[in-house]
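Here is the structure we will look at, set down as structure tokens.
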Amino acid sequence: MFIRSLAFVALLVAAGPLSAQETPVEPSPSAKTAAPLPLSQIDPNKNVVLRYEIRAGAQVRPAYFGSDEYVYGPDFAIKFDYAKLRGFGEYGSLDGSARPSAIGLRGSLRFIGERDSSEFDELDGLDDIDPTLELGLGVIYRERNFEAFGDVRYGVIGTQDFAGELGMDAIAYPSDRWELRLGPRVTYGDSGFADTYFGVSGNEAAASGLPAYDADGGLLGAGFEASARYRLNDLWGVEASVRADRLLNDAADSPITDMGSEDQVRFRIGVTRELILQF
């Protein structure tokens, strides 16, 4: 029974929601015999059934951590909400008539674009920061009108530091087509992450005129996110969200933030599409 449970947990982790909060990265399908299918083509006799929702659109975000300038860019995410492994049970609701109520694991992904000091006058003299890909795991608890999660990620490409997020949402369904969410968010990072994006080294201080600053890790920001989703039909939908964060502690006290803003706002809007992977 223990081995069977591990197999099902591994299935959930592999299919967990992946969100590129800066610039999207899309995984490539590996199974030639398992093509994504619409909801209407589900075969209940298949051994494995996974339901995904793909979101693609655009976002407006701060140009870099602590900036008061905003840039436009793409937005992409994959969210998983159902899994069935024959002989092991199922997680979530296949037909959408009920919302999942369970605790589980999920994947977590974030791509942070480079910080090019030559593009911003206020950063003149500071070192450039390479693009970073963070990968990790999260724990999520879901009920129909509530969701809570905690994610931790590590930079596998670029900066090799730990960062993560805690959050929860109150969820309302005004109708069968609408889903509304509102909840708090808390972000954190280790000393390496904080010093990379908010610190000023001695050499940077001499070149830029900014005071040297050694940023410590811990709680780096807190805020709220509100989102709305409208389902056009069984397959397609539209989703939008706005998120407002206030940088805290060493992130807020950084000379880099002093030149920009402690308030960090993001807005995204995109089209969603539900798909089924079965084999």
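The values are calculated or read from the model by the stated rules, or taken from the named source; none is laboratory data. Just so we're clear, the structure is a prediction, and the values are computed from it rather than from any experiment. Don't worry about glycine lacking a Cβ; one is built from the backbone with ideal geometry, like all the others, and counts go over all protein chains shown.
For segment 148-165, which residues satisfy the criterion of being part of a strand (DSSP E or B) and either under 14 Å from residue 106 (Cβ atoms) or touching a Phe, Trp or Tyr at 6+ places or on another chain (Cβ under 6 Å) (or both)? Before the answer, list the steps.
Step one: of segment 148-165, the residues part of a strand (DSSP E or B) are 148-157, 162-165.
Correct list: 148, 149, 150, 151, 152, 153, 154, 162, 163, 164, 165.
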Hits in segment 222-249 (condition: within 30 Å of residue 204 (Cα to Cα), touching a residue at least 40 places away in the same chain (Cβ under 8 Å) and either among the aliphatic types (A, V, I, L, M) or touching a Phe, Trp or Tyr at 6+ places or on another chain (Cβ under 6 Å) (or both)): 247
Filter result for the condition that a residue is among the small types (Gly, Ala, Ser), within 18 Å of the chain's Cα centre (by Cα) and under 17 Å from residue 252 (Cα atoms), over 189, 183, 199, 167: 189
Unique residue being over 21 Å from residue 259 (Cβ atoms), touching a residue at least 40 places away in the same chain (Cβ under 8 Å) and not charged (D, E, K, R) when the list is 150, 183: 183
Test: residue in segment 196-209 that is buried (at least 17 other Cβ atoms within 10 Å of the Cβ) and closer than 26 Å to residue 169 by Cβ: no
Condition broken by residue 80, with the remaining ones in (1) of a type in the set (Phe, Trp, Tyr); (2) in contact with a helix residue (DSSP H, G or I) (Cβ under 6 Å, 6 or more places away or on another chain); (3) modelled with pLDDT under 75 satisfied: (2)
